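The values are calculated or read from the model by the stated rules, or taken from the named source; none is laboratory data. It should be emphasised that the depicted structure is a prediction, and the values quoted were computed from it without experimental measurement. All Cβ positions, glycine included, derive from the backbone under ideal geometry; neighbour counts span all protein chains shown.
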Amino acid sequence: MKIGCVCGVAIVDQTDYLPHKAHLVADQDWEDFAESSQTLGRIDQTFVRHCYQCVSCGRLYVDDHNRKLVRFIPEAEGARQTLGSIKGTLWKAPLIGAWTSDPPAGKPSGALFCAGTNGVAEQYDTWEELEQAYFELFNRLKGMGLLRSALLRKGGAQIHFWLHSDR
Ligand SMILES: [Zn+2]
């Protein structure tokens, strides 16, 4: 899904863990939402609406009760990161390394991506370079407590997988 902000920038909603998106539950629904989610054993999405912020101009787009987006302009300059994690720079991000032998035209075969504060979006021409960069970043971010998961894939094969656990 894409929202065309009036400033000309597109707000894209195509992956998880977006820093410019939030989930909204009305205070009037809060207790029903909590009770229903507990009964279901998962988040009851029927109570959840969405909210987006333009990373360029800071405008907020909020679903009303009919799930129609309503637009708001921030009064303060620089208010463009309002909807990110409450953990701030300590948010745990997923790390993904992917190698394909058949990349799209003009793209390298290897990609390394992590959306956290200390994250990266890099591309590699050889598997060895990608593998080395993946494990260097994995060890560094894991050591800093900034990873929630890590996945390295080569074609269809899973080479490495790690999941953060509090237990
Ligand atoms: Zn905008």
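Before moving on, here are some points about what is shown:
- Answer from Ala115, Ala157 - the residue that is under 17 Å from Lys21 (Cβ atoms) and not charged (D, E, K, R): Ala115
- Filter result for Gly110 (within 19 Å of His20 (Cβ to Cβ), free of Cβ contacts under 8 Å to residues at least 60 places away in the same chain and either surrounded by 11 or more Cβ atoms within 10 Å (Cβ to Cβ) or not charged (D, E, K, R) (or both)): no
- In summary, Gln38 fulfils each of the numbered conditions (1) more than 30 Å from Cys114 (Cα to Cα); (2) modelled with pLDDT under 95 with the single exception of condition (2).
- Qualifying positions in segment 109-121 - in a loop (DSSP other than H, G, I, E, B), touching a helix residue (DSSP H, G or I) at 6+ places or on another chain (Cβ under 9 Å) and modelled with pLDDT of 80 or more: Ser109, Val120
- Among residues of segment 46-105 being within 13 Å of the ligand (Cβ to nearest atom) and of a type in the set (Phe, Trp, Tyr), the one that is nearest to Gly143 (Cα to Cα) is Tyr52.
- Condition check for Thr100: under 19 Å from the mean Cα position of the chain (by Cα), on the phi < 0 side of the Ramachandran plot, surrounded by 13 or more Cβ atoms within 10 Å (Cβ to Cβ) and not assigned by TED's automatic domain parsing to the domain that holds Asp16: no
- In segment 2-20, the residues that are under 22 Å from Lys87 (Cβ atoms) form Cβ pairs under 7 Å with partners that are near the ligand (Cβ under 9 Å from one of its atoms), at six or more places apart or across chains, as follows: His20/Ile11; His20/Gln53; His20/Val55.
- Residue count, segment 59-83 (criterion: touching a Lys or Arg at 6+ places or on another chain (Cβ under 8 Å), over 16 Å from Asp13 (Cα atoms) and surrounded by 15 or more Cβ atoms within 10 Å (Cβ to Cβ)): 1
- Contacts under 7 angstrom Cβ, first residue in segment 51-74 being in contact (Cβ under 8 Å) with a residue 60 or more places away in the chain, partner among the hydroxyl-bearing types (Ser, Thr, Tyr) and within 15 Å of the ligand (Cβ to nearest atom), 6 or more apart: Leu69/Tyr61; Arg71/Tyr61
- Test result for Gly78, touching a residue at least 60 places away in the same chain (Cβ under 8 Å) and either among the aliphatic types (A, V, I, L, M) or in a loop (DSSP other than H, G, I, E, B) (or both): no
- Of the residues making up segment 81-106, those that are of a type outside the set (Gly, Ala, Ser) and in a loop (DSSP other than H, G, I, E, B) are Gln81, Thr82, Leu83, Ile86, Lys87, Trp91, Lys92, Thr100, Asp102, Pro103, Pro104.
- The set of residues in segment 1-45 that are of a type in the set (A, V, I, L, M, F, W, C), touching a Phe, Trp or Tyr at 6+ places or on another chain (Cβ under 6 Å) and more than 15 Å from the ligand (Cβ to nearest atom) comprises Val25, Phe33.
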